[in-house]
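*Asks:* Shown below is the structure under consideration.
The values are calculated or read from the model by the stated rules, or taken from the named source; none is laboratory data. What you see is a predicted model, and the numbers here were worked out from it, not measured in a lab. Cβ placement follows ideal geometry from the backbone for every residue including glycine, while neighbour counts extend to all protein chains displayed.
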Amino acid sequence: MPRVKSNVAHHARKKKIMRAAKGARGARSKLYKAAKETVERGMQYAYRDRRKKKGEFRSLWITRINAAARMHGFNYSGFMAALRKAGVDVNRKVLADLAVRDLDAFAKIAEVARAHA
């Protein structure tokens, strides 16, 4: 059985890694081994942070809702509890968007919450 040489595949893999490491400094973008380590670490961070981003956005939405709710005499937890009691099923993303872009609509939702608080 003849020996298989993997030159083409190896060069393709190397080219892919070196392209991905292009923005790194010094040897991290020039030498294959250092570039490979950099890219692998970068991919780990990217995987982790895609999940972390969801929590960060939720935290941002809660901060915005809290600020708008305090303008209407509520704190965040009281406002959300009153909405739940009123049967208003609006998610945090939409509430935060209303708090930033449409204060009149948020005020109407706050009135509904006040009626059920």
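*Asks:* Would you mention how many residues in region 19-41 are loosely packed, with under 10 Cβ neighbours inside 10 Å and small (Gly, Ala, Ser)?
*Replies:* 2
*Asks:* Considering only residues that are charged (D, E, K, R) and closer than 16 Å to Lys93 by Cα, which ones fall in region 48-81?
*Replies:* Lys53, Lys54, Glu56, Arg58, Arg64
*Asks:* Okay, moving on. Could you say whether any residue in region 15-31 is of a type in the set (S, T, N, Q), modelled with pLDDT of 95 or more and out of contact with any Gly (no Cβ under 9 Å at 6 or more places or on another chain)?
*Replies:* For region 15-31, residues of a type in the set (S, T, N, Q), modelled with pLDDT of 95 or more and out of contact with any Gly (no Cβ under 9 Å at 6 or more places or on another chain): absent.
*Asks:* Something else: Please tell me if Ala86 is in contact (Cβ under 8 Å) with a residue 24 or more places away in the chain, surrounded by 11 or more Cβ atoms within 10 Å (Cβ to Cβ), touching a His at 6+ places or on another chain (Cβ under 8 Å) and not aromatic (Phe, Trp, Tyr).
*Replies:* yes
*Asks:* Moving on. State yes or no: is Ala46 on the phi < 0 side of the Ramachandran plot and without any contact (Cβ under 8 Å) to a residue 40 or more places away in the chain? Even if it seems obvious, please write down each step before you answer.
*Replies:* On the way: on the phi < 0 side of the Ramachandran plot: yes; without any contact (Cβ under 8 Å) to a residue 40 or more places away in the chain: yes.
Here the answer is yes, as Ala46 does meet what is asked.
*Asks:* A further question follows. Would you call Thr38 within 30 Å of Asp102 (Cβ to Cβ), of a type outside the set (Asp, Glu) and part of a helix (DSSP H, G or I)?
*Replies:* For Thr38, the condition - within 30 Å of Asp102 (Cβ to Cβ), of a type outside the set (Asp, Glu) and part of a helix (DSSP H, G or I) - is not met.
*Asks:* Applying the selection to region 29-64, what residues are aromatic (Phe, Trp, Tyr) and farther than 25 Å from Ile17 by Cα?
*Replies:* Phe57, Trp61
*Asks:* If only one of Ala86, Ala20, Ala68 is in contact with a Phe, Trp or Tyr (Cβ under 9 Å, 6 or more places away or on another chain) and of a type outside the set (Ser, Thr, Tyr), which one is it?
*Replies:* None of the others qualify; the one that does is Ala68.
Yes/no per residue for (1) at pLDDT 95 or above; (2) more than 25 Å from the chain's Cα centre (by Cα); (3) not β-branched (Val, Ile, Thr):
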{"site": "Thr38", "(1), (2), (3)": "yes, no, no"}
{"site": "Glu56", "(1), (2), (3)": "yes, no, yes"}
{"site": "Leu60", "(1), (2), (3)": "yes, no, yes"}
{"site": "Ser77", "(1), (2), (3)": "yes, no, yes"}
{"site": "Ala81", "(1), (2), (3)": "yes, yes, yes"}
{"site": "Leu98", "(1), (2), (3)": "yes, no, yes"}
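*Asks:* Right, next: Against the conditions (1) assigned to a loop (DSSP other than H, G, I, E, B); (2) surrounded by 15 or more Cβ atoms within 10 Å (Cβ to Cβ); (3) charged (D, E, K, R), where does Arg64 fall short? Just the number, please.
*Replies:* All conditions are met except number (1).
*Asks:* Same structure again: Among the candidates Lys16, Lys5, which residue alone is in a helix (DSSP H, G or I), loosely packed, with under 13 Cβ neighbours inside 10 Å and charged (D, E, K, R)? Break it down into steps so the answer makes sense when it comes.
*Replies:* Details: Lys5 fails: in a helix (DSSP H, G or I).
Being in a helix (DSSP H, G or I), loosely packed, with under 13 Cβ neighbours inside 10 Å and charged (D, E, K, R) holds for just one of Lys16, Lys5, which is Lys16.
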